[in-house]
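K.L.:
One structure, pasted below without further comment.
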Amino acid sequence: TLNFQIEPRVTLLDALRMRADLTGNKRGCDRGACGACTMIVDGRTVYACSTLAIEVQGKQIRTVEGLSTGNTLHPVQQAFCDVDALMCGFCTPGFIMATVALLEKNPRPTEEQVRKGLDGNICRCGTFVRIKEAALTARVVARG
């Protein structure tokens, strides 16, 4: 549990990056259009660059840093590594968080549901095929 005293205008992304040193999620567009800052708040994805920190007081906030357990990656993180679903890596944390949220809501998504579930995130390098493959691979792993 983190506790900050910040101005009401501070975004969730700025609060966590600047005050908690949680720098995994990135600032891309700063307008809630690219998804690089995607986090999960009370089970729903949010763009942290356009969510005020004050709006999420008392809620469960999950960032990419909180997914692994010790040295063991979350199945979605592992799937992204296994299928090489990243190039520059800037968008990867947001895609991972969006994929985790998708699979938590729908553990058996179709390819179309994966595409639709991740359509709020942009990869400027163009690794969408591998990202979709990672989501489908993680779906299988998570199911067992």
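K.L.:
Taking 25 Å as R0, compute the FRET efficiency from the Cβ-Cβ separation of Thr69 and Asp21 and round it to 0.05.
P.N.:
Using R0 = 25 Å, I get an efficiency of 0.80.
K.L.:
So what's the gap between the Cα centers of region 59-102 and region 1-54, to the nearest angstrom?
P.N.:
Distance between centres, Cα-based: 16 Å.
K.L.:
Cβ under 13 Å from Ile6's Cβ, Ile6 left aside: what net charge do those residues give with Lys, Arg +1 and Asp, Glu -1?
P.N.:
Here the count lands on 0.
K.L.:
Using R₀ = 22 Å, calculate the FRET efficiency as 1/(1 + (r/R₀)^6) where r is the Cβ-Cβ separation of Arg108 and Arg62; round to 0.05.
P.N.:
My answer for the efficiency is 0.55.
K.L.:
Enter the accessible area per residue of the chain (Å², integer; probe 1.4 Å; all protein chains in place).
P.N.:
Counting only protein heavy atoms, the per-residue value for the chain is 57 Å².
K.L.:
What part of the accessible area of region 1-133, given as a whole %, is carbon or sulfur when the probe is 1.4 angstrom?
P.N.:
In region 1-133, the share of accessible area belonging to carbon and sulfur is 49 percent.
K.L.:
What is the spin-label model distance, in nm, from Phe90 to Arg9 if the labels are put 7 Å beyond Cα along the C-beta direction?
P.N.:
Output for this residue pair reads 2.6 nm.
K.L.:
Rg and Dmax of region 1-86, Cα atoms, in Å?
P.N.:
Calculated on Cα positions, Rg and Dmax stand at 13.4, 42 Å.
K.L.:
Sort the following peptides by mean Cβ neighbour count (other Cβ atoms within 10 Å, averaged over residues), highest first: 36-42, 121-127, 22-28, 70-76.
P.N.:
36-42, 22-28, 121-127, 70-76
K.L.:
Hydropathy first: keep DSSP H helices in the chain averaging at least -0.5 on Kyte-Doolittle, then drop any whose Cα extent along the axis falls short of 15 Å, and list what survives.
P.N.:
In the chain, the long hydrophobic H runs are 92-105, 128-143.
The values are calculated or read from the model by the stated rules, or taken from the named source; none is laboratory data. Note that the structure is a prediction, hence the values are computed from the model and not measured. Don't worry about glycine lacking a Cβ; one is built from the backbone with ideal geometry, like all the others, and counts go over all protein chains shown. Heavy atoms of the whole protein, side chains included, go into the accessibility calculation; ligands, DNA and RNA do not. Shrake-Rupley method; radii C 1.70, N 1.55, O 1.52, S 1.80 Å.
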